[in-house]
Amino acid sequence: MSTINQRHLKEFLQNLPEQIPSIELFSTPWMGKQGDKVNIRLEVTGGSIAADIPLMIEFFNQEGDFSIDPIPVNSSDLTASFTLPEKFDQGSYVLQVTYNKVILASKTFDIVDEESARQMAEFEEGLGIEDQVSQAIKKGNYDEAIKLQEKAVEHFLNANNPELAARSWEDLVENLYKNNKPELSKDALEKALGIYSGIEGLENKEEFITRINEKIEICNNTIIQPEPLKNNIKLLREKKEHSQEQLAALVGKTPDIIKVWEEGQGFEEIKQFFELAQALNCQIDDLIQINYDVSNKLKIRSKIRNLIENNTTLTQSQLAFLVGETPDIIKKWEEGQELQELIPYFQLAQELDCKLSDLIELVDDTVKPKLPEPLLEVTNFDKSSTKG
């Protein structure tokens, strides 16, 4: 782009403001090979150009022995296009916009070999995708922005410009960090660091690497590193120094079941007992008592009948309705039958030295593991409270 000849420009500018407009000349591509189409676009700031002003595009080499016939600019959108002649040699050319032979703006344009043209096309494709990255970030689509950024960087690398690829990741960090995304910022910086580190002969390479590492440290200091969220089942198992396999053997379940419990699943089979405890205004621990006889055989004693008699005026039918069962099932529970589903959970509480209500709770109609408050300290819990 060249500086406009301000004196001649006044002759064809309409509605001339106090500040004379300026014209910028853009070409796509900005370099090319013989046979490529070149698209021209003019941008006018600070005023406008009358529609009847005949602007022309000229293209020639520095020596003046290769040139095309002047191309008229479309007055409606200030664009033009032409094809690079096959007969033109590779080298540096002048691309300019004129009015009555007065040069209004100009720039250099190189005709290059096929490989250079390919690299240039990759470069421009990468720049176009970077614009999409910016739009994705503005919309808060950070995952999409990262995917697009990876495509842009791939184009820059294909353009044999690894420094630009690294710089592109580094430039992205500012937008990510401003939007409170230190984790994504750190990932982008590490990718930039990987590219910088692999560039042979890069000037000031150590300076670049030091700068990136300093930024990574800032991200590390910004990222809140929370403790892994552990529910009480996992927390207390680890305090007892039991593996999932060991705990599974103690409660008569498989390690996969222990894993499922710790992931907050697999409790639907005892949901009705939590609902029963709610209806009876008690804890699930109050429903039954498990004991072992002298031969270590498990015995279950139901306390449900006493709870019904002492804690509520509800009938068996009403209780059955509340927990989604039949009155016959309520009667069996009172008699200590059909309670086998509860046994592994009570054994689990025993082995972890706590109450079952410390491990599992009913929240929003879902049975789930209880979370620490902030960390449940029950290491010295008296087993007699559950074994009777």
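Each reported figure results from applying straightforward, stated rules to the coordinates on display, with no laboratory input. All values reported here derive from a predicted model rather than from experimental measurement. Cβ atoms come from the backbone with ideal geometry, glycine included; neighbour counts cover every protein chain shown.
Taking just the C-alpha trace of segment 6-112, give me its Rg and Dmax in Å.
Radius of gyration, then largest Cα-Cα span, for segment 6-112: 14.3, 46 Å.
Compute the acute angle (0 to 90°) between the alpha-carbon long axis of helix 142-158 and the principal axis of greatest extent of the alpha-carbon atoms of the chain; round to the nearest 10°.
In the chain, helix 142-158 runs at an angle near 40 degrees to the longest axis.
For q values of 0.12, 0.18 Å⁻¹, compute log₁₀ I(q)/I(0) with the Debye formula on a Cα-only model of segment 163-315, without solvent.
Evaluating at q = 0.12, 0.18 Å⁻¹ gives log10 I(q)/I(0) of -0.75, -1.08.
Taking 8 Å as the Cα distance limit and 6 or more residues as the minimum spacing, I'd like the relative contact order of segment 106-238 as a percentage. Each step should come with its number before you reach the end.
Working: 113 pairs, mean separation 22.9, N = 133.
The value is 17 percent.
Highest first, please rank the peptides 95-108, 196-209 by the mean number of other Cβ atoms sitting within 10 Å of their residues. All intermediate terms of the calculation are to be shown ahead of the outcome.
Numbers: 95-108: 17.6, 196-209: 12.5.
Going by the mean number of other Cβ atoms within 10 Å, highest first, we get 95-108, 196-209.
For the pairs LYS191/LYS215; LYS234/LYS303; LYS239/LYS259; LYS37/LYS101, flag any whose C-alpha to C-alpha distance is greater than 18 Å.
Details: LYS191/LYS215 13 Å; LYS234/LYS303 29 Å; LYS239/LYS259 16 Å; LYS37/LYS101 24 Å.
Over 18 Å apart, Cα to Cα: LYS234/LYS303; LYS37/LYS101.
For segment 87-148, state the average projected area of the convex hull of the C-alpha atoms over all orientations, rounded to one decimal in nm². Walk me through the numbers on the way to the answer.
Working: hull surface 27.8 nm².
It is 6.9 nm².
Take the alpha-carbon positions of the chain, form their convex hull, and give its projected area averaged over all directions (one quarter of the hull surface) in nm².
Details: hull surface 138.7 nm².
If I average the Cα hull's projected area over directions, I get 34.7 nm².
Under a no-solvent Debye model with one identical scatterer per Cα of segment 115-222, what's log10 I(q)/I(0) at q = 0.18, 0.20, 0.23 Å⁻¹?
Normalising to I(0) and taking log10 leaves -0.85, -1.01, -1.22.
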